[in-house]
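Here is the structure we will look at, set down as structure tokens.
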Amino acid sequence: MSVRPSDEGEPIAIIGLGCRFPGATGPAAFWSLLARGGDSVGVLPPDRQLATARAVRGGFLEHIDRFDARFFGISPREADRLDPQQRLLLEVTSEALDDAGLPSRALDGSNTGVFVGMWINDYEARMFAETGRVDFHMTTGSGRYTASGRLSHLLGLRGPSMTVDTACSSSLVAVHLACQSLWTGESDIAIAAGVNVILQPHITVAYSQARMLSADGRCKFGDASADGYVRSEGVGVVVLKRLSHARADRDTIHAVILGSAVNNDERFMQILWVCKTSAAMAAARSDSSGPLTGHRCSLGSRQPGFCALPNTAPFRPVELELGFMFATAARSNKGRDLRCCS
């Protein structure tokens, strides 16, 4: 079915949710964790110790080796070669579609887009290190390109399908692209996801040497005591529709996305440094001024209740200023007043 482009200011409805995070399986458990101020940062599970000289603290998932391959029509041999990130995407997307009241068979042949944010390929590196076991399933089971393609194939979808790698902002950019696809009429429904599993020590060691990781295992976004971030695992999936379609279909609407924007921080001293100049501030504001009155981001008189920002560096002044501007200077308090989230 062809769909006419929507009005640029039409919000996007979140009609389905699914997640697996450290200490929380599912949206209800995650909300409970936040509401009680729970702490899910810990040490790496004993069965997954990395070759590092000291204990690694972070947010780690349990039982990533468990997977019901038969449910998804995957053979045992192929499942053995399947990156745990792809396994998690299959499982949690199924849960998100159930939450949206969309049986997978109902999407067969539909104009549904899939947008997956995925950065690291630790499993692929481990698989290819075993040269004596290399086979075709290893290429499809560990490649990032198949993370989105496998979902589209399993569900029989005809919409766009892509895996996005913009490092720590990958999942947010995936949501942005999903919204754009809905706004232009390219997709009727969009599945946006982000996934991360840590299976190799190299990035942790390198970031530790560069003092990018917090010494006490705590993220302190925007705080004067910020001393780095904490690596973590998890998967999150949202099912999206244009608000008018969600209302017409009587879908459950968990929340709405009022707008999104993506920009780069110009050229600075090093590729991972954040430019602190007033020019960078002005460039960021021009992309989403007003707040969020750039391309397909008009809020009008509406005020956002939540603003999500990527956070890798200990302190990112451009993102922080925009975050507080978008969220009307609201601050977070141990997960109880989550207006601006990194």
Potential extension, GLU130-ARG105 segment - 0.36 nm per residue separation minus Cα distance: 5.2 nm
Phi to ³J(HN,Hα) by Karplus 6.51 cos²θ - 1.76 cosθ + 1.60 over segment 98-107, Hz, x for Gly, Pro: 4, 4, 7, x, 10, x, 4, 5, 6, 8
20 Å tail of the calculated P(r), segment 199-265, as % of Cα pairs: 60
TYR229 long-range amide H proximity, modeled H, under 5 Å: LEU213, SER214
Cα gyration tensor, segment 67-108 - rounded (a/c under 1.5), prolate or oblate: prolate
HN-Hα J in Hz across segment 16-23 - Karplus 6.51, -1.76, 1.60, θ = phi - 60°, x for Gly and Pro: x, 9, x, 7, 9, 10, x, x
Descending semi-axes in Å of segment 24-121, equivalent ellipsoid built from Cα gyration tensor: 29, 21, 12
Candidates per GluC sites (Glu not before Pro) in segment 60-169, loop by DSSP, up to 16 other Cβ within 10 Å: GLU62, GLU130
Whole-number D in µm²/s for segment 119-218 (Stokes-Einstein; Kirkwood sum over Cα pairs; 25 °C, 0.890 mPa s): 155
Residue among THR131, ASN111, LEU97 farthest towards the positive dipole end of segment 87-138, charges placed on Cβ: THR131
³J(HN,Hα) computed for each position of segment 220-234 - Karplus, 6.51 cos²θ - 1.76 cosθ + 1.60, integer Hz, glycine/proline x: 10, 4, x, 9, 4, 8, 4, 9, x, 10, 10, 6, 8, 10, x
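Where a number appears in this text, it was derived from the coordinates with a stated rule and is not lab data. All of these numbers come straight from a predicted model, not from anything done at the bench. Counting neighbours? That spans all protein chains shown, and the Cβs are built from the backbone with ideal geometry, glycine included.
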